[in-house]
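Before any comments, here is the structure.
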Amino acid sequence: MLQTLPRMISLEGGEGAGKSTVIALITKVLRELGESVVQTREPGGTPYAEDIRQLLLADHKEAPAEDVEVLLMFAARAQHVRKLILPSIAHGAWVVCDRFTDASFAYQGAARGIDLQKLELLNQRFVGVQPGLTLLLDVDVPVGLARVDARGDRDRIEKEPPSFFESVRQGYLSRAQAEPERIRVIDANRDPQVVADEVRDIVTAYAQPYLSA
């Protein structure tokens, strides 16, 4: 069984969903409530895990095998959990994370075709925790990729074809359907202010029982 961390919020979504803006908003909302917040990301979050991130996202002459990609993702995540996430929560902070394990089920599972039972085994054995709340920014793939192109060069994973990201999207939606209490789906095709207002309402309501005394 995974340990649920009520004071951890993760943000998920495909490319161009607007995660950077929304994660900053989540952090702001919690700080306005008087809370200490650690904002982080995956893959990465610690110096060691950030080095793994560079291996994963940079273009190399030799692309990683699919199993290697997923093992690197979980290695970075295991380091992240032990060196940043759990210590931060133990010291009374909230952790707000740009992507977490749901991303592996969407990208490496649904899109790469890695067996979901293998991913769950890695999750149980080497991660062991899950966020209390996950916000899934759901955006139409053509809309998201147009946003990515507008901001500049794509990294190695962002260069995958649209069909890959359609699989990612469906993988995320399947996760949300299976865990509706934890994963809240937000339509990110809408005006950014409308999205922001919904995020603020959800986070404010969710945080109330877990606020510091």
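Summary of computed values
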{"item": "Residue check for Val70: under 16 Å from the mean Cα position of the chain (by Cα), open to solvent by 10 Å² or more (accessible area, probe 1.4 Å) and not charged (D, E, K, R)", "result": "no"}
{"item": "Residue within the range 139-146 that is at pLDDT 95 or above and buried (at least 18 other Cβ atoms within 10 Å of the Cβ) present", "result": "yes"}
{"item": "Residue that is in contact (Cβ under 8 Å) with a residue 12 or more places away in the chain and in contact with a Pro (Cβ under 6 Å, 6 or more places away or on another chain), where the choices are Ala63, Ala76", "result": "Ala76"}
{"item": "Matching residues in the range 105-132 - criterion: being closer than 18 Å to His80 by Cα and not in a helix (DSSP H, G or I)", "result": "Gly128, Val129, Gln130, Pro131, Gly132"}
{"item": "Members of the range 95-128 found to be touching a Ser or Thr at 6+ places or on another chain (Cβ under 9 Å) and within 25 Å of Glu35 (Cβ to Cβ), listed by number", "result": "Val95, Val96, Cys97, Asp98, Arg99, Phe100, Thr101, Asp102, Ala103, Val127"}
{"item": "Set Leu173, Leu133, Leu119: member being without any contact (Cβ under 8 Å) to a residue 60 or more places away in the chain and open to solvent by less than 30 Å² (accessible area, probe 1.4 Å)", "result": "Leu119"}
{"item": "Filter result for the condition that a residue is modelled with pLDDT of 95 or more, at negative phi and loosely packed, with under 15 Cβ neighbours inside 10 Å, over Asp155, Asp187", "result": "Asp187"}
{"item": "Tabulated pairs, the range 26-40, first in contact (Cβ under 8 Å) with a residue 24 or more places away in the chain and closer than 16 Å to Leu84 by Cα, second open to solvent by 20 Å² or more (accessible area, probe 1.4 Å) and in a helix (DSSP H, G or I), C-beta under 9 angstrom, 6+ apart or interchain", "result": "Val37/Lys28; Val37/Arg31; Val38/Leu84; Val38/Ile89; Gln39/Ala24; Thr40/Leu84"}
{"item": "Number of the condition not met by Glu15 [criteria: (1) part of a helix (DSSP H, G or I); (2) out of contact with any strand residue (DSSP E or B) (no Cβ under 6 Å at 6 or more places or on another chain); (3) open to solvent by 20 Å² or more (accessible area, probe 1.4 Å)]", "result": "(1)"}
{"item": "Top-ranked residue in the range 158-170 [being charged (D, E, K, R) and open to solvent by less than 60 Å² (accessible area, probe 1.4 Å); ranked as nearest to Gln130 (Cα to Cα)]", "result": "Arg169"}
{"item": "Whichever residue in the range 135-153 is assigned to a helix (DSSP H, G or I) and small (Gly, Ala, Ser) and, among such residues, is nearest to Gly13 (Cα to Cα)", "result": "Gly144"}
{"item": "Any chance Val96 is closer than 19 Å to Glu12 by Cα, touching a Gly at 6+ places or on another chain (Cβ under 9 Å) and not small (Gly, Ala, Ser)", "result": "no"}
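The values are calculated or read from the model by the stated rules, or taken from the named source; none is laboratory data. Note that the structure is predicted; figures quoted are calculated from it, not measured. Cβ: placed from backbone, ideal geometry, glycine included. Neighbour counts: every protein chain shown. When the accessible area is computed, the model is the full protein with side chains, heavy atoms only, and any ligands, DNA or RNA have been set aside. Shrake-Rupley method; radii C 1.70, N 1.55, O 1.52, S 1.80 Å.
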